[in-house]
Amino acid sequence: MKKVFSLISLFALSLSLANTAFADFKLRQQITMSARNESFMQERVIWAKGARERTENKFTDERIAQMIPQIAEIRQCDYAKT
C-alpha cells in the first residue's frame, strides 16, 4: 500500500512541475502600482518554449482580483507551417 501511495505522490508531483520543466525559460515580473494613496501589485509570468509563449497576468490584491480575473494568453508564432 505504501508503494502505491508513493507512486501516486511522485506522479502528482511530476504533473505539478510539468509547466516549468518543459519551458525553455520562465520569466516572473511583479509590478507595484499606486493610485489615490493605495497600492496594489500585479504579477506576470511568461513561459516560452520554441515558437510558443504562455503569459499569465493576475492581481495579488483580493479586492482587485475579484473584479479582474486571472488572464492566460497563449501565442503560437510558427504560422509558416503548411
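Values in this text are rule-based calculations from the coordinates and carry no lab data. These numbers were taken from a predicted model, which means no experiment stands behind them. Here Cβ is always computed from backbone atoms with ideal geometry, including for glycine, and neighbour counts include all displayed protein chains.
If you take every residue apart from Lys49 with its C-beta less than 13 Å away from the C-beta of Lys49, what net charge results, scoring Lys and Arg +1 and Asp and Glu -1?
It works out to a net charge of +1.
Using the basic label-point model (7 angstrom from Cα toward the beta carbon), what is the Met67 to Gln30 distance in nanometres?
My value for the distance between the label points is 2.2 nm.
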